[in-house]
Amino acid sequence: MAILEIKKAGAPVLKEVCAPVEKIDKDLRKLLDDMAVTMYESDGVGLAAPQVGRPIRVVVIDCQDDHGLIELINPVITFREGTATDTEGCLSVPGIYGEVERAAKVKVEFLNRRGKKQHLTATGLLARCIQHELDHLEGQLFIDIAKSLHRGNQA
């Protein structure tokens, strides 16, 4: 497994609408593994494929909760409920944090690494992380939608 280079704000790939994954194969599974290692080594809770230079609809998330590592291929949010505003940061925008309003609860449909359709209902940090990472797949960064931005620590 390899640690991948994380693209920073300004990289063209971060503004692309990502293509759906057509085939789940050993190369995609290696990408998922490498993305997870990169996320953990960077102290992140989520990483989307465009952040490592691949404009495809793939995300890894680990909020250090009961769900553990979640790999989402071709994810789609099928339900949103409520609103919640909280501070977000991003591995592609180091040192910048912002207040972002998101749905408080989401349901997402996706394929796992074996190509099996999965459904997940999320609230709290996991719901926020899913929405943040899926924004990357649409070419959007949290700084594009934040109500306010600040440098330094999250708080």
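The values are calculated or read from the model by the stated rules, or taken from the named source; none is laboratory data. The model shown is predicted, which means the values in this text are computed figures rather than measured ones. Neighbour counts are summed over all protein chains in view; Cβ atoms, including those assigned to glycine, are modelled from backbone coordinates with ideal geometry. Ligands, DNA and RNA are excluded from the accessible area calculation, which covers all protein heavy atoms including side chains. Shrake-Rupley method; radii C 1.70, N 1.55, O 1.52, S 1.80 Å.
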Cβ neighbours within 10 Å, averaged per peptide: list 49-60, 85-96 in order, most packed at the top.
49-60, 85-96
Assuming a ≥ b ≥ c are the square roots of the Cα gyration tensor eigenvalues, decide whether segment 45-100 counts as rounded (a/c under 1.5), prolate (otherwise, with a/b larger than b/c) or oblate.
rounded
Which number gives the lysine pairs in the chain that have C-alpha atoms under 25 Å apart and are eight or more places apart or on different chains?
24
Using a 1.4 Å probe over the heavy atoms of the protein chains, calculate the carbon and sulfur portion of the accessible area of segment 12-151 as a whole percent.
48 percent
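Just in segment 15-64: which GluC sites (Glu not before Pro) are loop by DSSP and have at most 13 other Cβ atoms within 10 Å?
Glu22
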Please list the non-local residues whose amide H lies under 5 Å from the amide H of Arg57, H modeled 1.01 Å from N, same-chain partners needing a gap of 5 or more.
Ala19, Val21, Asn74
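Rounded, prolate or oblate: pick one for segment 14-155, where a ≥ b ≥ c are the square roots of the eigenvalues of its C-alpha gyration tensor, a/c under 1.5 means rounded, and failing that, prolate if a/b is larger than b/c, else oblate.
Details: a/c = 1.65, a/b = 1.34, b/c = 1.23.
Prolate.
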